[in-house]
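Before any comments, here is the structure.
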Amino acid sequence: MAKISINLATGSLQKEDIIVGIDLGTTNSLVAFINPEKHPQVINDAGKGVLVPSIINLNKNGDAIVGTDAKEHLIEDPEHTIFSVKRLLGRSYKDIEHYQNFFSYKIVDDDNDTLVKVKVEDKFYSPIELSAMILKELKARAEHALKTPVNRAVITVPAYFNDSQRQATRDAGKLAGLDVLRIVNEPTAASLAYGIGLNPEEEKTIAVYDLGGGTFDISILRIQNGIFEVLATNGDTFLGGDDFDRAIIEFWISRSGLTNDELKQYKEIRQALRLKAEAAKKHLSSHSTFEGEVQGIDCSIDKSTFEGLIQPKVNHTIASCKNALADAGLTVTDIDSIVMVGGSTRTPLVKNSVANFFGKEVNDTLNPDEVVALGAAIQADILAGNRKDILLLDVTPLSLGVETMGGLMDVIIPRNSKVPTKAGRQYTTAIDGQVNMKISVFQGERDLIKDNRKLGEFELKGIPAMPAGFPKVDINFLLNADGILTVQAIELRSGVKQEVEIKPSYGLTDAEVEKMLLDSVSHAKEDVAQRMIIEARTEGEQMLYTVDRFIKNNGQLLSHDERAKTLELVEELKNSLPTGTKDEILAKIDELNEYTRPFAERVMDIAIATAMKGKAI
Ligand code: AMP
């Protein structure tokens, strides 16, 4: 039963549990909700502003300041001030080592494969804990502004975030005391904010262009039957409005004649220049000239000079759009709508270049800093059951499966399946009396597990001893709406059961996912050939095992010649296994099978006769 409470501020009745939408950004984060007029609205807590800088300052006692107040420490206290934590979320040191110099704080590099940690003074923090601090601040602001507890949220992530990064985001939410109902792709949320995808009948292909302060993403989405499928993503994780600011600073400095050495002595000038450059850039979004000065340095600049400076960067983003379209197998004419996200899309050159490239007007009427959070709030509203007609789904980018005999990949959930989804298959044992079964879970498109990525493994223990082939082991995969996988194995005859949530130790980058997909195409032919030979070998080994067992248990039923001939055929099959072609192996299996089949019938006859004998009539 839904609880009803009274909002003491307004005197109105409200459902106690508001679900908020959170845009947990690299530079800024914000939170939105659906207001009583049923419109998505960003939360502005008592004039503190809407955007919460995703920055944390940790003092000696480990106390945290989050947001604007923390940002002020960025320059004078870099070792204690954590920014861009989203770049570390769900990543291993190996993932980030090539850009570790970007961070001014200490990143622990003692173990390559596990998730990174940040060291401040003598304390260690995981990016999950740090993100939780930002989420806690957002939760507190929402509670303060709405005067109601906020316990449930939808959080957005980039479309290219892998399992590990999504799981880490979810864990951060949990740690912040939030029940994370759904992890939603940022471009999906941005589209929703523009009402795109809300009509289940609508079929559309859209491009979401997201240029923020430090990152650039382009995503191509296909919307069909209320399902958002990510067709392609591209971008540059180190390109954004900050680069525009730097370009302006460099222009002013080179014009001033000051050397870099001279400037190095004036740390505070650099900071003042940075602020001035950002102000100039913003001003030029709606004016043609900017006038200013910092410590005697002329800081004037006009729009066309500015556009000349940033043109190469803008061109770079357009090249990414081209690549994304090519990856999706589409051309510009296939794109029905373009959605603009991120503060830097306010720069007219950016907006015009994107519109020119796609040959269409762009969607830019909403505040580009807010669209993702607004869309997340709409998704939250849908999940709250307030828009029953809509069901939002995503799809899984890579196939999920288990290892079967011979190191083959057996796909259980194929790629591009809608999530949430559930699928299962039945397996059995290969050896008599086998009591344990190892279940190894893989992700990828290749036929051999060695070419795919291992997500985890576990053992189903305590299967009662039975002949090979008797146990019935159901393996079920449950992929939830966030793309998190739970694997369940159950032996049906005995009811022995085991269940695990698969949490990859570290994830794949979008480039790696792409490579895995491309590899599967380019290796398709040899993979099929390999799969066939492995299947033939596995079948051969099973046959040898069965015949061997037969001779051990029922050898007395064979004549001397029959036994000799069987052993000869066994030898031939054995010899063909390592080097024979698929057809040669299958021929040997057939021969042995044909020759020994009558023996098996003999055993059956005897068994029946024995059974009859025992029965009194
Ligand atoms: P985001 O990461 O989406 O919050 O984007 C922040 C970036 O947008 C920063 O680089 C800002 O300087 C930039 N930005 C904000 N307002 C404007 C504006 N009016 N014109 C150009 N860039 C802007």
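Name the residues in the range 272-297 that are modelled with pLDDT of 95 or more and in contact with a Lys or Arg (Cβ under 8 Å, 6 or more places away or on another chain), would you?
Result: A277, K282, L284, S285, H287, S288, T289, G292.
Going by the conditions given, is T148 surrounded by fewer than 21 Cβ atoms within 10 Å (Cβ to Cβ), β-branched (V, I, T) and out of contact with any Phe, Trp or Tyr (no Cβ under 7 Å at 6 or more places or on another chain)?
In short, yes.
G47 passes all but one of (1) in contact with a strand residue (DSSP E or B) (Cβ under 8 Å, 6 or more places away or on another chain); (2) more than 18 Å from V372 (Cα to Cα); which number fails?
So the condition that G47 fails would be (1).
For the range 437-480, give me the residue count where each residue is touching a Lys or Arg at 6+ places or on another chain (Cβ under 7 Å) and open to solvent by 60 Å² or more (accessible area, probe 1.4 Å).
Looking only at that region, the number is 4.
What pairs come up if the first residue lies in the range 268-286 and is over 15 Å from D302 (Cβ atoms), the second is more than 10 Å from the ligand (Cβ to nearest atom) and open to solvent by 60 Å² or more (accessible area, probe 1.4 Å), and their beta carbons are under 8 Å apart, counting only those six or more places apart or on different chains?
Matching pairs, first to second residue: I269/Q295; Q271/I75; A272/Q295.
Could you list all residues from the range 27-38 that are open to solvent by 50 Å² or more (accessible area, probe 1.4 Å) and within 18 Å of T148 (Cα to Cα)?
P36, E37, K38
Might you let me know whether the range 171-182 holds any residue that is within 16 Å of the ligand (Cβ to nearest atom), open to solvent by less than 40 Å² (accessible area, probe 1.4 Å) and within 30 Å of L400 (Cα to Cα)?
no
Among (1) away from the ligand (no atom under 16 Å from the Cβ); (2) outside any helix (DSSP H, G or I); (3) aliphatic (A, V, I, L, M), where does A324 come up short?
(2)
Please go through the range 339-362 and give me each residue that is within 28 Å of the chain's Cα centre (by Cα), surrounded by fewer than 23 Cβ atoms within 10 Å (Cβ to Cβ) and more than 9 Å from the ligand (Cβ to nearest atom), ordered by number.
Passing the criteria: F358, V362.
Exactly one of these conditions fails for L284: (1) of a type outside the set (S, T, N, Q); (2) surrounded by 15 or more Cβ atoms within 10 Å (Cβ to Cβ); (3) more than 16 Å from the ligand (Cβ to nearest atom). Give me its number.
Unmet condition: (3).
Out of the range 534-578, which residues are touching a strand residue (DSSP E or B) at 6+ places or on another chain (Cβ under 8 Å) and without any contact (Cβ under 8 Å) to a residue 12 or more places away in the chain?
Selection gives nothing.
Only residues that are surrounded by 13 or more Cβ atoms within 10 Å (Cβ to Cβ) and not in a helix (DSSP H, G or I): list them for the range 552-571, please.
L558
When E278 is evaluated against the numbered criteria (1) closer than 25 Å to A481 by Cβ; (2) within 16 Å of the ligand (Cβ to nearest atom); (3) open to solvent by 40 Å² or more (accessible area, probe 1.4 Å); (4) of a type in the set (D, E, K, R), which criterion, by number, is the only one it fails?
(1)
Is it true that T365 is within 16 Å of the ligand (Cβ to nearest atom), in a helix (DSSP H, G or I) and not assigned by TED's automatic domain parsing to the domain that holds V419?
no
The values are calculated or read from the model by the stated rules, or taken from the named source; none is laboratory data. Nothing here was measured: the structure is a model prediction, and the numbers come from that model. Don't worry about glycine lacking a Cβ; one is built from the backbone with ideal geometry, like all the others, and counts go over all protein chains shown. We work out accessible area using only protein heavy atoms, side chains counted, and drop any ligands, DNA or RNA first. Shrake-Rupley method; radii C 1.70, N 1.55, O 1.52, S 1.80 Å.
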